[in-house]
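*Asks:* I have a structure here, written as structure tokens, and I will follow up with some questions on it.
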Amino acid sequence: MNLNDEVRPGGNRYVSGTEVLKDLPNYLAQFNQVAVVTGNKSYRVFNDFYQKELDFPVYRYEGSASYENAQEIADQIGQADVILGIGGGRVMDTAKLTAENLNCDVVLIPTLISNCAPFTPITAVYYPNRTFRCMGFQNRAPYLTLVDWEFLLKTPVDYFVAGIGDTLAKWYEITGITDTLNADQKTAYTRLGIACAKEIAAILLEDSQNAIQSLEQQEISPAFTRVTDTIIALAGETGGFAVSYGRSAGAHAVHDGLSYLENTHEALHGEKVAYGILVQLAYTHDFDKITEVYPFYEMIGLPTKLAQMNVTDISEEGLAPVVKQAAAEDDTFRMIDPAVTEEEIFAAIQAVEAL
Ligand SMILES: [Zn+2]
């Protein structure tokens, strides 16, 4: 049994639209014991919008999305037949882990548009000290994901842009991994994953500018709803279908490396990943693809230089922790090139910085 290689298309039910949250009591009617898992800020944002008190016990996560915190919350709850998770990515993941511990269903309400945690049956698990631990695979997919477009207009623009950057990586990472495979090495599901990533890139490149404008003007537009569903739901399908071929590769390895620089801690996950796309493309000498996507980065405000993420020392010494992690045995640049070296990644970063 290899959990890494199982096809996991996504949640059980996905509902996106306007006035979705008005129906929350109907969606929960079949459950007898509901327990809410949320964060302080997320719950405030939710209550401001929802206006009615939820008549269920409420449990706050402590910010980590860790096995330890999920177990603590599960112990406090004792028994439930559904966990209602309300919040950002780490709250979603904590709610999924808590439901797994209680062997019950989970209903997820994202409070921002920035990642695929509300839909995918996979979690990013951290240690209580907030460093990354592993990917966790749940036995059950989320029972229901409720995506209310009007509510999600509360998403801060920088989170939305970062979500676009993170989701765009799906296309560049899956092509970086699968370009060298011959036809017989691609299963039906690998091909579906690639097709999914291609559609993701097409939607993001076409619609992002209008979607960001809609968010700034607090208006729901077709572009806004397409980009929202792409970031929250389609993003998880790439790896859900193409399994390890559709998950992290070079761009995420560069992100992992950048996290070792204190200065980048203010930068969002998707910003570091977006910069990592450029480094991965420089590594594979796909400079034509960089030229193609560069105007898009500038248009929507994704970083093209390290200085935009507060990194000013781009010397070999300054970037040593970055390339060390990005090229590490246990990181994912090896999906692009099993023989990757620190020197080559450093050279690719220099090439991006020189553009
Ligand atoms: Zn990511």
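*Asks:* Could you order peptides 78-88, 112-122 by the average number of other Cβ atoms within 10 Å of their residues, highest first?
*Replies:* Descending packing order for the listed peptides: 112-122, 78-88.
*Asks:* How would you rank 214-224, 171-181, highest first, on the average number of other Cβ atoms within 10 Å across their residues?
*Replies:* Values: 214-224: 15.5, 171-181: 20.1.
Per-residue Cβ counts within 10 Å, averaged per peptide and sorted highest first, yield 171-181, 214-224.
*Asks:* Got the relative contact order for the chain handy, in percent, Cα pairs under 8 Å and 6 or more residues apart? Walk me through the numbers on the way to the answer.
*Replies:* On the way: 680 pairs, mean separation 57.7, N = 355.
Relative contact order here is 16 percent.
*Asks:* Which shape class applies to the stretch 157-353: rounded if a/c is under 1.5, otherwise prolate when a/b exceeds b/c and oblate if not, where a ≥ b ≥ c are the square roots of the Cα gyration tensor eigenvalues? Don't skip to the answer; put the middle values down first.
*Replies:* Values: a/c = 1.95, a/b = 1.13, b/c = 1.72.
Oblate.
*Asks:* Kindly express, to the nearest 10 degrees and within the range 0 to 90, the angle between helix 67-77's C-alpha long axis and the longest C-alpha principal axis of the chain.
*Replies:* 10
*Asks:* How large is ³J(HN,Hα) for each residue in the stretch 296-308, as worked out from phi by the Karplus curve 6.51 cos²θ - 1.76 cosθ + 1.60 (θ = phi - 60°), to whole Hz, x for Gly and Pro?
*Replies:* Here the 3J(HN,Hα) series is 5, 4, 5, 5, 9, x, 8, x, 10, 9, 4, 4, 5 Hz.
*Asks:* By how many nm would the segment from E68 to N47 lengthen if fully extended, with 0.36 nm per residue of separation less the alpha-carbon distance? Write down the numbers at each step before the final one.
*Replies:* Working: separation 21, 0.36 × 21 = 7.56 nm, distance 2.73 nm.
Additional length available on full extension: 4.8 nm.
*Asks:* Taking 0.36 nm per intervening residue step and subtracting the Cα-Cα distance, what contour gain separates T341 from V157 on full extension? Each step should come with its number before you reach the end.
*Replies:* Values: separation 184, 0.36 × 184 = 66.24 nm, distance 3.60 nm.
Contour length minus the Cα-Cα distance gives 62.6 nm.
*Asks:* Between M135 and Q350, with labels modelled 7 Å along Cα→Cβ, what's the label distance in nm to one decimal, could you check?
*Replies:* 3.3
*Asks:* While we're looking at this one, here's another question. Going by average Cβ neighbours within 10 Å, how do the peptides 189-202, 265-278 rank, with the highest at the top? Let's see the in-between values first.
*Replies:* Numbers: 189-202: 19.5, 265-278: 23.4.
By packing density, highest mean first, the sequence is 265-278, 189-202.
*Asks:* Cα gyration tensor of the stretch 3-152, axes a ≥ b ≥ c as square roots of the eigenvalues: rounded (a/c below 1.5), prolate (a/b > b/c) or oblate? Mind dumping the intermediate values first?
*Replies:* Details: a/c = 1.40, a/b = 1.28, b/c = 1.10.
Verdict is rounded for the stretch 3-152.
*Asks:* For the chain, what does the alpha-carbon gyration tensor say about shape, rounded, prolate or oblate, given a ≥ b ≥ c as the root eigenvalues, a/c under 1.5 as rounded, and a/b over b/c as prolate? Before the final figure, lay out each step's value.
*Replies:* Values: a/c = 1.67, a/b = 1.54, b/c = 1.08.
Prolate.
*Asks:* Tell me which residues come under 5 Å, amide H to amide H, from S66 once H is placed; ignore anything under 5 positions away on its chain.
*Replies:* When sequence neighbours closer than 5 places are left aside, the close amide H contacts are Y126.
*Asks:* Continuing with the same structure: Would you kindly state how much longer the chain becomes between V58 and E317 on full extension, computed as 0.36 nm times their sequence separation minus their alpha carbon distance, in nm to one decimal?
*Replies:* Gain in length upon complete extension: 88.4 nm.
*Asks:* Measuring from label point to label point, each 7 Å out along Cα→Cβ, what is the K22 to A195 span in nm?
*Replies:* With each label point 7 Å from Cα toward Cβ, the separation is 3.6 nm.
Throughout, read-outs are computed from the coordinates displayed, never taken from laboratory work. All figures in this text were calculated on a predicted structure; none of them were measured in a lab. Neighbour counts are summed over all protein chains in view; Cβ atoms, including those assigned to glycine, are modelled from backbone coordinates with ideal geometry.
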